[in-house]
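Before any comments, here is the structure.
Rule-based calculations on the coordinates, nothing more; no lab input. Because the structure is a prediction, the values reported are computed rather than measured. Note that we place each Cβ from the backbone using ideal geometry, even for glycine, and neighbour counts take in every protein chain shown.
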Amino acid sequence: MKVALIGAGRVATNLAPALQRSGVEVVEIWSRSRASAEALANRLGCRAVWGNYDAVTRDADLYLLSLKDDALTEAIRQLHTGREQALFAHTAGSMPLSLFADAGHERGAVFYPLQTFSKERSVDFATVHFFVEAYREADAQLLSSLAASLTGSAQLVHRSTSALRRQLHLAAVFACNFANHCFAISDELLRECNLDFSVMLPLVEETVAKLHDLSPRDAQTGPAVRHDEQVMGLQRAMLLNRPDLQRLYTLLSEGIMRE
């Protein structure tokens, strides 16, 4: 299978090498930025193209779009001409399958890896759940097989719907993005007393490790779950000069106490 990656951001930077290792022929990397396209293409030993979509190959079997959500519709419209028979798939969590039909492309699909990606760190796809959606059953089977080759386990590959992916993505924002924002706040508070965030890592790691054995509600600890008003009052007072954090502290504490 010949695959062209449309995008060279965080998802593509992790996905493209993993596809290549699984035996897929990654023929091309496209990015708006020449530097981004060449940086990833040079790692893979494939062609780099950049700028508009005119130079994108018309010889790929699968065009995998890993772009910002608001760029997907225009990308599909521009890539459609001359590639009408090729399979297009995007990797976004919240964007619907219907984007392809809306743009006039009949072979649309979604290839969504439920993971957080950074360019600076390689993801182990052996632990990643994939959610696949397609107009055609044959395309869904093809992408499911591709995902299974990346993970090494068909049990990590799931058929999905656009509504299910939206719910998954929302849940992921709470579990990952909002949790990481809380880590950033913790880091800021520690820096105020000249401590490094590394002192929190054993605590964070044990918090996550417990979730393999306990539900999040059963694993909850801290002053709010104990309804310890004295400690919570003291900590709210410590945030008096940061009303934004004080409001967040109060909202989160109230949520924990309602569980």
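Annotation: peptides 74-82, 231-239, ranked by per-residue average of other Cβ atoms within 10 Å with the highest first, follow the order 74-82, 231-239.
Order of 41-48, 135-142 by packing, highest average Cβ count within 10 Å first? Walk me through the numbers on the way to the answer.
Values: 41-48: 15.9, 135-142: 14.4.
Taking the mean over residues of other Cβ atoms within 10 Å, the ranking is 41-48, 135-142.
Can you sort S149, S98 so the residue with the fewest Cβ neighbours within 10 Å comes first? Numbers along the way, then the final one.
On the way: S149 17, S98 11.
Fewest to most other Cβ atoms nearby, the residues stand as S98, S149.
Can you tell me what share of the DSSP beta bridges in the stretch 2-160 is antiparallel? A percent to the nearest 5 is fine.
Numbers: 7 of 30 bridges.
Percent antiparallel among DSSP bridges in the stretch 2-160 is about 25.
For the stretch 194-239, just say rounded, prolate or oblate: build the C-alpha gyration tensor, square-root its eigenvalues into a ≥ b ≥ c, call rounded for a/c under 1.5, and beyond that prolate if a/b exceeds b/c, oblate if not. Present the calculation step by step, with values, prior to reporting the outcome.
Numbers: a/c = 4.40, a/b = 1.22, b/c = 3.62.
Oblate is the answer for the stretch 194-239, as a/c is 1.5 or above yet b/c matches or exceeds a/b.
Note the full-extension length gain between H129 and R236 as 0.36 nm times their separation in residues minus their Cα-Cα distance, in nm to one decimal. Please list the in-between numbers first.
Details: separation 107, 0.36 × 107 = 38.52 nm, distance 3.88 nm.
Full-extension gain reported as 34.6 nm.
A simple spin-label model places the labels of H181 and V208 2.0 nm from each other, with each point 7 Å out along Cα-to-Cβ. Charge dipole (Cα centre; +1 on Lys/Arg Cβ, -1 on Asp/Glu Cβ; no other charges) of the chain amounts to roughly 340 debye. Springs between Cα atoms under 10 Å define the GNM used for the chain, and in it the highest mean-square fluctuation of E192, E106, E120 occurs at E192. Considering only M1, T91, L114, and ranking their Cα positions along the charge dipole of the chain that arises from unit charges at the beta-carbon of Lys, Arg, Asp and Glu, the one farthest toward the positive end is M1.
Hey, fewest Cβ within 10 Å first, where do V199, V27, V225, V157 land in order? Intermediate values should be presented prior to the final figure.
Working: V199 10, V27 18, V225 14, V157 21.
Fewest-to-most ranking of V199, V27, V225, V157: V199, V225, V27, V157.
Adding -39500 (n - 2.57) for every DSSP H run of four residues or longer, then dividing by how many residues the chain holds, sets the calculated 222 nm ellipticity at -13500 deg cm²/dmol. In the stretch 2-160 the Cα-Cα distances spread across 5 Å bins starting at 0 as 2, 10, 20, 25, 23, 15, 6, 1 percent of all pairs. Between R258 and A163, the modelled label-to-label distance comes to 2.4 nm, taking each label 7 Å out from Cα in the direction of the beta carbon.
At a Förster radius of 22 Å, what calculated FRET efficiency corresponds to the Cβ-Cβ distance of R247 and H227, to the nearest 0.05? Don't skip to the end; give the middle numbers.
On the way: r = 20 Å, r/R0 = 0.89.
The formula returns an efficiency of 0.65 here.
The long axis of helix 229-238 is offset from the longest Cα principal axis of the chain by roughly 70 degrees.
Sorted into 10 angstrom bins from 0, the C-alpha pair distances of the stretch 1-90 split as 18, 59, 23, 0 percent. Ordering of 162-168, 128-134, 178-184 by packing is 128-134, 162-168, 178-184, highest average first (other Cβ atoms within 10 Å, averaged per residue).
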